[in-house]
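Right, one structure below, let's go through it.
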Amino acid sequence: MHESMSEVDLPLNDPIVETATNGNSASAGILVIDDEASIRESLDVLLSLEGYATAMAVDGEEGLRMIEANNFDLVLLDLALPGQSGLELLPQIKERQPELPVIMITAYGTVDNVVEAVRAGAENFVQKPWDNEKLLADIRSAIARHRAEEENLQLKRTLKQRYNFSNIVGKSEIMLKVFDLVAQVAPSRSTVLIQGESGTGKELIAKAIHANSPRRDKPFVPINTGAMPAELLESTLFGHVKGAFTSAIASKKGLFEVAHGGTLFLDEIATMGMDTQAKILRVLQDRRFMHLGGVQEIQVDVRILAATNVDMRKEVREGRFREDLFYRLNVITVDLPPLRARREDIPLLANHFLEFYANENGFTPRRLSTDALRALVDYDWPGNVRELENSIERGVVLSNGPVIGSDLLPGHITGRSFQDALLEHNPNASLFDILEVIERRIIIEKLERCNWNQTDAAEQFRVPLSTLNQKIKRLNIEIRKKGRE
């Protein structure tokens, strides 16, 4: 654990650190809490030469008063203090400012002390006498991470105040253009087509459009049009009367009626059959439809938002999608970039998901070690934001402490192979054992990228759905609920 904590050193010109600090340490404030005058003087000189603003406290009581009155970027806390010890003081600091990084300093460090300090939220644990360069590197990394987290919170506040966006994170130029477009089109009645690879967040954008529209107090109704056969899809969209088909034992409203006055979000629009496309077109043109088996026209006021992960113009050219419906849907297009095209957003997204899944699981706050963060930034993310979210959730659930190292990330992200991991765990593994582990991991990864839609995964594997289901059962793979788009 202590070794992983030491792997957070980054030079000031590292792009990950620059994202958080912009290379400027002069404005950073550091509080030193230590009862030894010589230690305070030594740290004051060292930190001042590096451009940090310093403040000194001789005991915990004075330190807490200063923390309540000032906004520090970091605390250097001595373990052995008069009155209450540093370990007793640490929880009180975290109670007042949970995100404030604290580095413990002591001449009497033990493994138990390290473990207890880390569990209580310490950023690191430094032994006296310390190495100046090592201490400064730890300080730079801790402040960089603190500022990145602060930036993430500020970004969320800004997006919420300016756009009323929820759970959308990004500061890259390309995403800021998306936000501006969404804010501009949201108040209108226009149909919007949202395009992007799987996992880029199309449903979140649709929700943001609805939340910033005059329809915000009316229903937002999403449906994955590719997840059901044509007859069931039409019944779900338009409703049916009793006796319209064999299992129609009672009349039922469709989603167009449910969404009246609000927004209907049609995901995976390209998968709809031609007959259903024709009926959707009529609703867009006339704002009227009939229940399956019915004869009475029903008028609705619904805004349509649609999404796709395929080239719709190609679908039109090859005769799989109606040209007239395409132009009806494509009044305004929002193109969502893949995650690999906005790598500067990865640290912000990672912090967002760390906070979410730590809270969801009742854990203390989690953070990524530098090697883990660098692996995330370097990876190409074919599954986009959803794949990043799944990877962070995995790391949080498997972690035993506040720091998530690269060992808790999936092997394909860090370059650590499945068979390496298996052989480390079981050097006597047979070829069959290794192949089974690899097969299981490949199927799980494909399912994750397909949002746990077995039909889509089977199509991408080019095998019958029954074959995939047999393998899922044999390999004891637990199917998860579909994640957020």
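Laid out as a table, the results:
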| quantity | calculated |
| --- | --- |
| Top-ranked residue of region 361-370 - restricted to ones that are within 14 Å of the chain's Cα centre (by Cα) and free of Cβ contacts under 8 Å to residues at least 60 places away in the same chain, ranked as nearest to Gln97 (Cα to Cα) | Arg366 |
| Matching strands (runs of 3 or more DSSP E) fully within region 52-153 where at least 1 residues are closer than 25 Å to Ile404 by Cα, at pLDDT 80 or above and in contact with a helix residue (DSSP H, G or I) (Cβ under 8 Å, 6 or more places away or on another chain) | 74-78, 102-106, 124-127 |
| Filtered residue count, region 324-360, keeping only those that are within 24 Å of Arg189 (Cβ to Cβ) and either free of Cβ contacts under 8 Å to residues at least 40 places away in the same chain or not β-branched (Val, Ile, Thr) (or both) | 9 |
| Options Ser399, Ser391: the member that is of a type in the set (Ser, Thr, Tyr), outside the structural domain of Ile444 (by TED's automatic domain parsing) and buried (at least 21 other Cβ atoms within 10 Å of the Cβ) | Ser391 |
| Residue selected from region 121-148 under the condition surrounded by 17 or more Cβ atoms within 10 Å (Cβ to Cβ) and among the charged types (D, E, K, R), by the criterion nearest to Phe353 (Cα to Cα) | Arg145 |
| Whichever residue in region 226-242 is hydrophobic (A, V, I, L, M, F, W, C) and in contact (Cβ under 8 Å) with a residue 24 or more places away in the chain and, among such residues, is surrounded by the fewest Cβ atoms within 10 Å (Cβ to Cβ) | Ala230 |
| Options Ile438, Ile444, Ile434, Ile392; residue that is modelled with pLDDT under 90 and closer than 28 Å to Lys202 by Cα | Ile444 |
| Qualifying helices (runs of 4 or more DSSP H) (wholly inside region 184-302; at least 2 residues being outside the structural domain of Val385 (by TED's automatic domain parsing) and within 24 Å of the chain's Cα centre (by Cα)) | 202-211 |
| Residue within region 344-364 that is within 17 Å of Glu448 (Cα to Cα), at pLDDT 90 or above and not in a helix (DSSP H, G or I) present | no |
| Selection status of Phe321, of a type in the set (Phe, Trp, Tyr), farther than 23 Å from Val185 by Cα and either in a loop (DSSP other than H, G, I, E, B) or not assigned by TED's automatic domain parsing to the domain that holds Ile194 (or both) | yes |
| Residue in region 259-278 that is surrounded by 19 or more Cβ atoms within 10 Å (Cβ to Cβ), in contact (Cβ under 8 Å) with a residue 12 or more places away in the chain, at positive phi and not basic (Lys, Arg) present | yes |
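The values are calculated or read from the model by the stated rules, or taken from the named source; none is laboratory data. Computed from a predicted structure; not experimentally measured. Note that we place each Cβ from the backbone using ideal geometry, even for glycine, and neighbour counts take in every protein chain shown.
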